[in-house]
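Encoded as structure tokens, the structure appears first; notes follow it.
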Amino acid sequence: MLLVKDMKDLKGKRVIVRVDFNVPQKGGVISDDNRIVAALPTIRELIGKGARVVLMSHLGKVKHKEAPEVVEEQKKKNNMAPVAVRLGELLGQPVKFCPATRGEELKEAVANLKDGEVLLMQNTRYEKGEEKNDPELSKEWASLGDAFVMDAFGSAHRAHASTYGIPEILKGEGKQVAIGYLVEKEVVSLEKVVNVPASGHPYVAILGGFKVSDKIKVIDSLLKKCDKVIIGGAMAYTFAVALGKKVGNSPFEADQVEYAKRMYETGKILLPVDAVVANDFENPTDIRTIEGDIPEGFQGMDIGPKTREIYAKEISKAKTVFWNGPMGVFERDEFTAGTVAVCKACAELKDAFTVIGGGDSASAAKKLGFKEKFSHVSTGGGASLEMIENDGHLPGIDVIK
Ligand code: ADP
Ligand code: MG
């Protein structure tokens, strides 16, 4: 696979870079520019090579099936223009912005670029054909580039026009298509939790979060790869029901109980033995630690102290850890202890490779002060899960290979 640092003869060439500028923003104010910062190494590399850089990214959602006025509203809400300003500040050079996503205006904006200049196109999702990988749209966009770089790991599991259509066409024309620095780091790191050599065992997966149904494929896949799968979060209550336990008012998925039972029979799953429960989700006035059945009128909010100890001990033996999904409602101080315990156990590991894949898990690790202690924190929650599910394959990366 070609890497951006190995691309040649880019002086004067138009290079399309698919970046992930899907930043949280409201009314043009960007609240977290991490994703823009993460794209800088690749952009700087291309500027350094004298390329004419054409950046494309999606931002938020635009539902083209909605009424025209609703679509207009969504477009306005997900306007990419403020990102160009912020990127310019971070790069230390002006970034041109093209409000058009097709047609003459865009063509001209690209044609007017000089060597080392950077242009950001409006949100790719303004185009109806983007998410459908529309061939006409892909062709038009591909015609704007002499080369392509994929640096949007968070979108690599989607075969859209900007992530798949463009590189497919350019590659077919014999042009250079490569992955950028951000994607390279993701692929190298995640490869280590996808194909784990004997020396990487014991391999422990920590799974939590809200729903079993969101994670079925990844649970399947991890059960094949791992020695132990530790379960926490609301997901644990579906497993508890499968084992005939009572879960009070805890959220669980009735239609996943049979599945959970089958998974449990693999003998690799570790379930909580106690829970921190509350009488109300929004306004908990009665918080208790419960072993065994959770009584009516209470719901599980976090794993309990005994479980924390058992899980930490299991993690302490690991050589490889993959973590997706918080152990409890970590957003609230009363229910962070479970997530802190697994973070701490991972942080204390020596000579182990530890990976977080999951948006909320990554923000939990950051909030609780453990982010730097992990070997790798993926920038793409969905993409990292799909990479594990599909044994290392993602459409947006396979197309480059
Ligand atoms: P990720 O984004 O890391 O994949 P998920 O989106 O699957 O994680 O789940 C994160 C959410 O799960 C968090 O908002 C957290 O509050 C919630 N959660 C965890 N445990 C519970 C619980 N016991 N009850 C309700 N929600 C929970
Ligand atoms: Mg999430």
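If you put +1 on each Lys and Arg Cβ and -1 on each Asp and Glu Cβ, how big is the dipole of region 190-389 around its Cα centre, in Debye rounded to 20? Intermediate values should be presented prior to the final figure.
Values: 25 positive and 27 negative charges, 164 e Å.
In debye, rounded to 20, region 190-389 gives about 780.
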>> Between region 1-67 and region 236-267, what is the separation of their alpha carbon centroids in Å?
In response: 43 Å
> What lysines sit close enough to K224 to cross-link, taking a C-alpha to C-alpha distance under 19 Å and skipping anything fewer than 8 places away on the same chain?
Replying inline: K192, K215, K261, K268, K317, K319
> In whole angstrom, how long is each semi-axis of the equivalent ellipsoid of region 190-389, when you take the square root of 5 times every eigenvalue of its Cα gyration tensor and sort them from largest down?
Replying inline: 26, 19, 15
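Compute, for region 4-182, the length of the dipole vector about the Cα centre, with Cβ point charges of +1 (Lys, Arg) and -1 (Asp, Glu) only. Units Debye, rounded to 20.
Details: 29 positive and 26 negative charges, 43 e Å.
Dipole size: approximately 200 debye.
Given R₀ = 25 Å, what would the calculated FRET efficiency be for V70 paired with K211, taking r from the Cβ atoms and rounding to 0.05?
0.35
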> In region 190-389, with Lys and Arg counted as +1 and Asp and Glu as -1 at Cβ, which of these residues, T285, A234, V273, has the Cα nearest the positive end of the dipole, that is, farthest along it?
Replying inline: V273
>> What figure, in Å² to the nearest 10, do you get for the accessible area of I400 with a 1.4 Å probe and non-protein molecules left out?
In response: 10 Å²
> By the gyration tensor of its Cα atoms, with a ≥ b ≥ c the square roots of the eigenvalues, what is the shape of the chain: rounded for a/c under 1.5, prolate for a/b over b/c, or oblate?
Replying inline: prolate
> Separation between the R102 and E117 pseudo-spin-labels, each 7 Å from Cα along Cα→Cβ, expressed in nm?
Replying inline: 2.5 nm
>> If DNA, RNA and ligands are ignored and the probe is 1.4 Å, what is the ranking of Y164, Y237, Y264 by accessible area, most exposed first?
In response: Y264, Y164, Y237
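Please give me the summed charge of the neighbours of F370: other residues whose Cβ is under 12 Å from its Cβ, Lys and Arg +1, Asp and Glu -1.
Local net charge: +3.
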> In debye, nearest 20: dipole of region 178-223 around its Cα centre with unit charges on the Cβ of K, R (+) and D, E (-)?
Replying inline: 140 debye
>> Explain nothing, just the number: relative contact order of the chain, from Cα pairs under 8 Å at least 6 residues apart, as a whole percent.
In response: 16 percent
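For S363, S250, give the ranking by accessible area with the largest first, probe 1.4 Å.
Numbers: S363 55, S250 10 Å².
Correct descending sequence by accessible area is S363, S250.
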>> Using alpha carbons only, how many angstrom separate the centre of region 125-198 from the centre of region 282-309?
In response: 45 Å
> Local charge sum around L113 (other residues, Cβ-Cβ under 11 Å, Lys/Arg +1, Asp/Glu -1)?
Replying inline: +2
> Which is farthest toward the positive dipole end of the chain among A100, G129, M1, measuring Cα position about the Cα centre, with Cβ charges +1 (Lys, Arg) and -1 (Asp, Glu)?
Replying inline: M1
>> Can you find, among N112, G174, F153, the residue sitting farthest towards the positive end of the charge dipole of region 4-182, where Lys and Arg contribute +1 and Asp and Glu -1 at Cβ?
In response: F153
>> At 1.4 Å probe size, put F281, F322, F370 in order of accessible surface, largest to smallest.
In response: F281, F370, F322
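Assuming a viscosity of 1.002 mPa s and a temperature of 20 °C, what translational diffusion coefficient in µm² per second does Stokes-Einstein assign to region 1-153, Rh being the Kirkwood radius over Cα pairs?
Working: Rh = 15.7 Å.
Estimated diffusion coefficient is 136 µm²/s.
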> Does region 200-291 come out rounded, prolate or oblate by the C-alpha gyration tensor, with a ≥ b ≥ c the root eigenvalues, rounded set by a/c under 1.5 and, if not, prolate when a/b is larger than b/c and oblate if not?
Replying inline: prolate
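The values are calculated or read from the model by the stated rules, or taken from the named source; none is laboratory data. Remember, predicted model here, so these are calculated numbers, not experimental data. Cβ atoms come from the backbone with ideal geometry, glycine included; neighbour counts cover every protein chain shown. The accessibility values were calculated without ligands, DNA or RNA, using every heavy atom of the protein model including side chains. Shrake-Rupley method; radii C 1.70, N 1.55, O 1.52, S 1.80 Å.
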